[in-house]
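Okay, so here's the structure we're looking at.
Here, each number is a calculation from the coordinates, and none is a lab measurement. Since the structure is predicted, the reported quantities are computational estimates derived from the model, not experimental observations. Glycine also receives a Cβ, built like all others from the backbone with ideal geometry; neighbour counts cover every protein chain displayed.
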Ligand SMILES: Cc1cc2nc3c(=O)[nH]c(=O)nc-3n(C[C@H](O)[C@H](O)[C@H](O)COP(=O)(O)O)c2cc1C
Ligand code: SF4
Ligand code: FES
């Protein structure tokens with residue numbers, strides 16, 4: 001993979017394809033008027049289509065649920081799984097917490113960062129927008145340490161030399 | 001080891017997507033028995049069994065259930081499946097392998113306390129557990145186990161799966177309510193307690209997944225069986241999350257009060273790495289370190305109090321003498337700094353300062369007064385933080401410094417002999 005830098009979050013706007021826009025509208029219709037208690041489910045559903053949530057989407061979500069826009073912003077900002085800036089199409093979460101550290105997670109983090117051309121301290125997003133690398137607290141798979149997730153896929157007992165094959169290019 | 005596992009008995013033996021498999025393996029017999037017993041008797045059974053919460057705080061479940069059973073409707077039951085304590089993986093394994101059991105346990109809880117709505121709040125980083133529990137819920141609706149007039153017994157229960165969004169603090173029960181309500185996960189001041197004013201301001205039972213699953217064998221096998229397992233003051237089966245430097249890490253179901261020695265050497269196959277035990281982290285990042293001198297202490301809520309330790313969520317993480325303890329403490333300090341929600345200053349500032357000092361400690365650049373400051377910060381967080389996160393954020397770090405012989409002059413932990 002070629003060297004890459006982080007995608008700049010400044011002044012970023014989502015550009016939805018027509019298909020994405022239709023899907024988002026369907027979701028917003030489903031949540032119409034449902035109120036605050038459906039904010040997290042709604043954010044999850046929308047972000048599953050769009051990858052991240054810009055100010056415009058946040059405003060539409062607020063309007064659909066009939067809640068204050070500031071609440072939607074605060075919630076997006078609070079939770080690590082909601083993104084208010086562009087992220088890669090696939091999120092790679094490498095656990096670097098205690099049990100994984102004991103099983104060699106530092107080498108896994110380095111291998112991932114090297115393969116993606118990213119900073120091993122903080123991760124980041126590849127220039128082609130394919131991957132975001134996150135150095136993650138315990139992912140609840142300590143019995144399979146060292147552990148990482150590629151999107152929703154779980155990979156336990158990872159060895160550094162497996163990393164290139166696991167991450168590959170993008171399919 | 002004559003103990004017969006009950007919480008994990010079906011794992012790997014049934015198809016987690018199959019209601020038929022679940023029923024064939026004894027599923028929904030506890031619900032049928034619960035309906036025969038009636039709500040009052042179930043609550044009484046829980047109280048007499050002295051089932052202590054398995055999520056960390058070890059509060060008697062029967063007391064919560066009784067309070068909510070006597071409170072006015074509407075009320076709620078919630079399964080806390082946010083499992084984010086570092087080192088904890090038990091609830092995930094239960095949900096992935098036996099998801100109908102959680103639905104059945106929620107039904108019994110709802111029936112016992114008179115709730116008609118429930119939530120299972122599952123950690124967002126558990127996609128497979130979410131999918132399987134959601135499938136179990138959908139299947140139960142189709143089969144008439146959820147919805148209106150369940151089992152023809154005239155009670156109604158709706159159950160919703162909620163997906164967390166990557167915040168450790170949302171495992172704290174009141175932060176979890178806020179999260180379901182669509183807000184940031186800021187803990188509420190207590191009192192009022194959830195049994196009185198919980199989700200949407202209504203009386204709420206919230207229990208850990210493992211606590212709930214303990215109810216199934218308790219209802220089926222009865223009080224005497226339950227009390228025959230483990231110590232009198234905290235009876236019942238227990239899941240231990242064994243990880244770190246052992247030959248066979250994994251989930252262990254054993255009687256409450258099993259010793260560290262049994263866990264590490266019988267279940268875990270002994271210490272790996274240098275082969276020599278350096279210490280054990282009990283209870284996760286929010287827990288404390290203990291030393292090899294503690295190998296024969298009973299791992300139950302009361303037994304651990306005698307050595308100033310906690311069982312917490314059942315984390316047993318093993319460290320051999322070759323581990324770089326500084327790298328371990330850096331991660332613990334970093335964790336709390338990141339996960340502090342920032343609602344109260346003792347914790348927001350304390351976790352930051354603690355992290356800075358631990359980074360200096362790890363880099364061999366401690367300043368004079370740093371260790372004293374670390375203790376004072378810990379004390380302030382323990383005494384003045386709103387919630388358990390801040391109250392426990394210094395415990396593991398300070399216990400390592402005290403119990404592993406940190407030498408300020410050499411910058412080494414005497415018990416861990418690697419050569420930094
Ligand atoms: C910071 C923090 C995180 C917590 N995380 C969890 C968790 O992930 N799962 C859990 O069951 N309890 C967690 N708890 C404990 C809950 O607040 C609560 O005590 C528990 O859900 C009650 O259930 P139990 O009595 O069955 O253990 C956490 C507490 C704190 C302070
Ligand atoms: S103790 Fe920490 S996590 Fe808890 S409310 Fe205060 S700042 Fe938030
Ligand atoms: S420490 Fe890596 S999954 Fe728990």
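What is the P(r) of the stretch B:155-226, as percent of Cα-Cα pairs per 10 Å bin from 0?
Spelled out per bin, shortest first, that is 17, 40, 28, 14, 1.
Taking each residue of A:14-20 in turn, how many C-beta atoms of other protein chains fall within 10 Å of its C-beta, and what is the average?
Neighbouring Cβ atoms belonging to other protein chains average 0 per residue here.
How large is the convex hull of the Cα atoms of the stretch B:325-416 per residue, expressed in Å³ as a whole number?
Here the figure is 77 Å³ per residue.
Quick one: if you stick a label point 7 Å off each Cα along the C-beta vector at residue A:121 and residue A:77, how many nm between them?
Distance between the two pseudo-spin positions: 2.5 nm.
For residue B:40 and residue B:128 in the same chain, what is the full-extension length gain: residue separation times 0.36 nm, less their Cα-Cα distance, in nm?
Here the segment from residue B:40 to residue B:128 would lengthen by 28.1 nm.
Taking only DSSP H segments of four or more residues, each worth -39500 (n - 2.57), what value at 222 nm results for chain B once the sum is divided by all its residues, to the nearest 500 deg cm²/dmol?
Value at 222 nm, helices only: -12000 deg cm²/dmol.
What is the Cα centroid distance between the stretch A:46-64 and the stretch B:349-392, reported in whole angstrom?
If we compute the Cα centre of each part, the gap is 39 Å.
Could you order the peptides B:357-370, A:140-153 from most to least packed, using the average number of other C-beta atoms within 10 Å per residue?
Going by the mean number of other Cβ atoms within 10 Å, highest first, we get A:140-153, B:357-370.
Need the C-alpha centroid separation for the stretch B:393-416 versus the stretch B:329-344, integer Å.
19 Å
Just order A:123-134, B:8-19 by mean Cβ neighbour count inside 10 Å, highest at the front, would you?
A:123-134, B:8-19
In peptide A:98-110, what is the residue-averaged number of other protein chain Cβ atoms found within 10 Å of each Cβ?
Whole-number average of other-chain Cβ neighbours for A:98-110 is 5.
Dividing the alpha-carbon Rg of the protein assembly as shown by 2.2 N^0.38 Å yields what?
Dividing the Cα Rg of the protein assembly as shown by 2.2 N^0.38 Å gives 0.95.
Regarding the stretch B:19-227, what are the three Cα extents along the principal axes, ordered largest first, in Å?
41, 35, 34
Could you grab the relative contact order for the stretch B:186-262? Cα pairs under 8 Å, six or more apart, rounded to a whole percent.
Dividing the mean separation by the residue count of the stretch B:186-262 yields 17 percent.
Calculate, for residue A:157 and residue A:89, the FRET efficiency according to 1/(1 + (r/R0)^6) with r their C-beta to C-beta distance and R0 30 Å; round to the nearest 0.05.
0.70
Report the full-extension gain for the segment residue B:327 to residue B:181: residue separation times 0.36 nm, less the Cα-Cα distance, to one decimal in nm.
Value of the extension gain: 48.8 nm.
Take every DSSP beta bridge whose two residues both sit in the stretch A:90-167, then give the antiparallel share in percent to the nearest 5.
The answer is about 60 percent antiparallel.
If one computes P(r) from the Cα atoms of the stretch A:90-167, what percent of pairs lie at distances over 19 Å?
22 percent
Ranked highest first by the average count of other Cβ atoms within 10 Å around their residues, in what order do B:64-77, B:371-384 fall?
Going by the mean number of other Cβ atoms within 10 Å, highest first, we get B:64-77, B:371-384.
Would you calculate the separation in nanometres between label points at residue B:306 and residue B:160, each defined as 7 Å from the Cα along the Cα-to-beta-carbon direction?
4.7 nm
How high is the relative contact order of the stretch B:1-133, in percent, with contacts defined as C-alpha pairs under 8 Å that are six or more residues apart?
Normalised by residue count, the contact order of the stretch B:1-133 is 30 percent.
Would you mind giving the mean number of other chain beta-carbons within 10 Å of the Cβ of each residue in B:163-171, as a whole number?
The per-residue average across the peptide is 5.
Can you show me the helix-derived [θ] at 222 nm for chain A, built from DSSP H runs with n ≥ 4 at -39,500 (n - 2.57) apiece and divided by the number of residues, rounded to the nearest 500.
Rounded to the nearest 500, it is -11500 deg cm²/dmol.
Could you work out the relative contact order of chain B, using alpha carbon pairs under 8 angstrom and six or more residues apart, expressed as a whole percent?
15 percent
Could you tell me the center-to-center distance, by alpha carbons, between the stretch B:215-281 and the stretch B:113-134 in angstrom?
26 Å
Would you mind checking the radius of gyration and Dmax of the stretch B:239-320 based on alpha-carbon positions, in Å?
Considering the stretch B:239-320 through its Cα atoms, Rg and Dmax are 11.0, 32 Å.
Could you compute how fast chain B diffuses translationally, taking Rh as the Kirkwood radius over C-alpha pairs and applying Stokes-Einstein at 37 °C with viscosity 0.692 mPa s? Give it in µm² per second.
Estimated diffusion coefficient is 149 µm²/s.
For chain A, build the convex hull from the C-alpha positions and give me its volume per residue in Å³.
121 Å³
Take every DSSP beta bridge whose two residues both sit in the protein assembly as shown, then give the antiparallel share in percent to the nearest 5.
Rounded to the nearest five, the antiparallel share is 55 percent.
Which value results when the Cα radius of gyration for the stretch A:18-78 is divided by 2.2 N^0.38 Å?
That ratio works out to 0.98.
Set the Förster distance to 41 Å, then compute FRET efficiency between residue B:348 and residue A:32 from the Cβ-Cβ distance, nearest 0.05.
My answer for the efficiency is 0.65.
Between residue B:143 and residue A:165, what is the label-to-label distance in nm when each label sits 7 Å out along the Cα-to-Cβ direction?
It is 3.9 nm.
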